[in-house]
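Before any comments, here is the structure.
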4 protein chains.
Amino acid sequence: MFKVDDRDPMPLYAQLERAIKFAVATGQLNIGDQLPTVRQLAVDLRINANTVAKVYAELERVGILGTRRGVGTFVQAHPADISRNGRQANNGKLDKVIDRALAEAASLGFSANDVLDNLINRRKKEKMKNG
Amino acid sequence: MFKVDDRDPMPLYAQLERAIKFAVATGQLNIGDQLPTVRQLAVDLRINANTVAKVYAELERVGILGTRRGVGTFVQAHPADISRNGRQANNGKLDKVIDRALAEAASLGFSANDVLDNLINRRKKEKMKNG
Amino acid sequence: MFKVDDRDPMPLYAQLERAIKFAVATGQLNIGDQLPTVRQLAVDLRINANTVAKVYAELERVGILGTRRGVGTFVQAHPADISRNGRQANNGKLDKVIDRALAEAASLGFSANDVLDNLINRRKKEKMKNG
Amino acid sequence: MFKVDDRDPMPLYAQLERAIKFAVATGQLNIGDQLPTVRQLAVDLRINANTVAKVYAELERVGILGTRRGVGTFVQAHPADISRNGRQANNGKLDKVIDRALAEAASLGFSANDVLDNLINRRKKEKMKNG
DNA sequence: GTGGTCTAGACCACG
DNA sequence: GTGGTCTAGACCACA
């Protein structure tokens with residue numbers, strides 16, 4: 001379901017947090033959906049349960065996840081809704097995110113146009129899949 | 001010149017490494033250019049000189065930078081040339097980079113289309129600037 | 001287990017790196033074996049833990065060692081397998097290594113023939129031990 | 001004439017010192033021969049003149065080189081003669097030197113036999129060249 | 001004054 | 001308790 005990479009210098013907890021936010025933001029997980037248990041996800045990702053628990057706790061703190069005692073952990077809100085500034089105020093952050101991606105692409109030998117092409121191809125594939 | 005952020009969970013050295021690769025990849029730094037001295041950059045970024053030295057050493061190890069003992073540190077090659085597999089083999093990596101960017105954008109409330117629009121706007125601005 | 005010498009002009013970390021490569025290359029350490037902890041080895045060798053950590057990190061970077069966060073450091077591959085060019089491309093390096101050894105031997109008053117004799121004697125002893 | 005390598009972690013001065021000892025020990029330089037001037041050698045090796053001067057001074061200190069004011073620097077004695085213990089006492093050191101070489105060879109994927117073969121080949125070539 | 005090496009010691013991520 | 005990151009600061013090699 002989610003992916004983390006041992007060799008990435010970004011801490012595992014940060015990777016997992018981003019992955020869950022992504023899944024919720026893109027609709028792979030919807031409000032009300034149940035997440036894997038801490039222990040199950042730890043086993044799946046081959047990381048320590050404490051690391052998973054820490055991420056769940058943090059996401060609960062910010063309101064994205066919610067826990068029902070004895071039942072499990074569920075999606076409670078969209079990260080975008082949480083992000084208290086809304087789209088307008090986040091425009092600058094989007095630029096930063098894209099800057100960073102273009103930087104990494106460049107260091108792999110790809111231009112902004114290559115990135116654009118990649119995105120357009122993704123959209124085409126998406127359309128074909130959906131009919 | 002470069003930027004690093006204390007609060008980012010990504011280690012400072014990884015941030016700086018990416019920033020330098022970016023600068024070289026995008027032509028802000030060209031082959032033969034001298035980089036700031038280890039100590040100067042440490043002062044500018046308000047981080048420890050050892051952290052900067054570690055980054056320079058790592059980038060030298062992979063061939064992007066070169067140092068002349070007692071003289072300074074210089075750009076030696078483009079990251080894209082170093083990336084020894086070439087574009088073909090790096091296509092998978094591009095996908096990963098873009099996946100990650102879309103994930104972050106999504107958690108800010110932006111869709112893949114928003115990212116696409118952003119990139120297209122950048123291209124328009126670039127064209128207007130150049131002619 | 002390993003040895004480093006303060007008075008050798010070769011940096012401690014380079015000495016240790018060579019010693020570990022040697023141990024792995026010669027089977028004193030096998031794939032999967034755990035290495036001493038960073039702190040323990042630092043104590044044993046009477047050097048700083050950071051110096052040991054630097055060596056482990058470097059050997060991990062090239063794939064000889066692998067670390068499991070919070071668990072320890074393990075042998076992951078043989079240096080000879082890593083040396084990605086294979087024997088053919090490493091022949092020139094072998095010449096350099098032998099040049100250097102002959103140089104040192106010569107400065108101690110030994111000729112290439114003395115070195116040859118020494119090697120032949122080693123082989124004889126080895127055979128007697130095994131046969 | 002001599003060679004030094006910027007990327008070798010061994011300090012330049014140590015590399016040069018070894019190279020000169022080697023040349024004298026192997027007869028490429030004989031007693032009475034003049035060495036290049038400090039400045040000339042610095043230019044040839046693309047290193048700083050101070051580094052060369054330091055090496056000459058050290059070798060003069062131990063008696064291998066001698067300086068005649070206003071004339072130049074000359075070979076004065078064989079390193080092997082200087083090495084005050086003589087061959088017998090240096091046998092242990094030879095073993096160490098060879099151990100180290102075998103270690104490096106092993107990490108390149110070569111066995112002790114490969115090293116032996118290499119040495120034997122060198123002897124053959126030497127014989128052919130000399131008749 | 002430049003980069004390189006090393007130390008001592010703090011704090012974090014992870015198990 | 002393990003490795004990872006970072007800091008402060010010393011001293012060395014080199015130009």
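The values are calculated or read from the model by the stated rules, or taken from the named source; none is laboratory data. All figures in this text were calculated on a predicted structure; none of them were measured in a lab. Cβ atoms come from the backbone with ideal geometry, glycine included; neighbour counts cover every protein chain shown.
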All positions within the stretch C:1-33 that are more than 8 Å from DNA strand E (Cβ to nearest atom) and among the charged types (D, E, K, R): C:LYS3, C:ASP5, C:ARG7, C:ASP8, C:GLU17, C:ARG18, C:LYS21, C:ASP33
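In the stretch D:21-45, which residues are under 11 Å from D:GLY72 (Cβ atoms), free of Cβ contacts under 8 Å to residues at least 40 places away in the same chain and surrounded by 14 or more Cβ atoms within 10 Å (Cβ to Cβ)?
D:PRO36, D:THR37, D:VAL38
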Among residues of the stretch B:114-131, those that are of a type in the set (S, T, N, Q) and more than 7 Å from chain A (Cβ to nearest Cβ), counted: 2
Checklist (1) assigned by TED's automatic domain parsing to the domain that holds C:ILE20; (2) surrounded by 13 or more Cβ atoms within 10 Å (Cβ to Cβ); (3) part of a loop (DSSP other than H, G, I, E, B) applied to C:GLU60, failing item: (3)
Filtered residue count, the stretch C:1-20, keeping only those that are closer than 15 Å to C:ARG46 by Cα, crowded, with 16+ Cβ neighbours inside 10 Å and touching a residue at least 40 places away in the same chain (Cβ under 8 Å): 3
Count - residues of the stretch B:34-77 that are more than 21 Å from D:ASP6 (Cα to Cα) and either of a type in the set (Gly, Ala, Ser) or more than 12 Å from DNA strand E (Cβ to nearest atom) (or both): 6
Residue within the stretch A:111-121 that is touching a Ser or Thr at 6+ places or on another chain (Cβ under 9 Å) and among the small types (Gly, Ala, Ser) present: no
The listed residue being modelled with pLDDT under 95, within 11 Å of DNA strand F (Cβ to nearest atom) and not in a helix (DSSP H, G or I), out of B:GLY70, B:GLY66: B:GLY70
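Can you tell me which residue in the stretch A:7-43 is nearest to the other protein chains (Cβ to nearest Cβ), limited to those that are of a type in the set (D, E, K, R) and within 17 Å of the chain's Cα centre (by Cα)?
Of everything passing the filter in the stretch A:7-43, A:LYS21 is nearest to the other protein chains (Cβ to nearest Cβ).
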Residues (part of a helix (DSSP H, G or I) and either more than 7 Å from every other protein chain (Cβ to nearest Cβ) or touching a residue at least 12 places away in the same chain (Cβ under 8 Å) (or both)) located in the stretch A:104-113: A:ASN113
Candidate set from the stretch D:64-78 (those that are more than 14 Å from every other protein chain (Cβ to nearest Cβ) and among the hydrophobic types (A, V, I, L, M, F, W, C)); member that is farthest from the chain's Cα centre (by Cα): D:VAL71
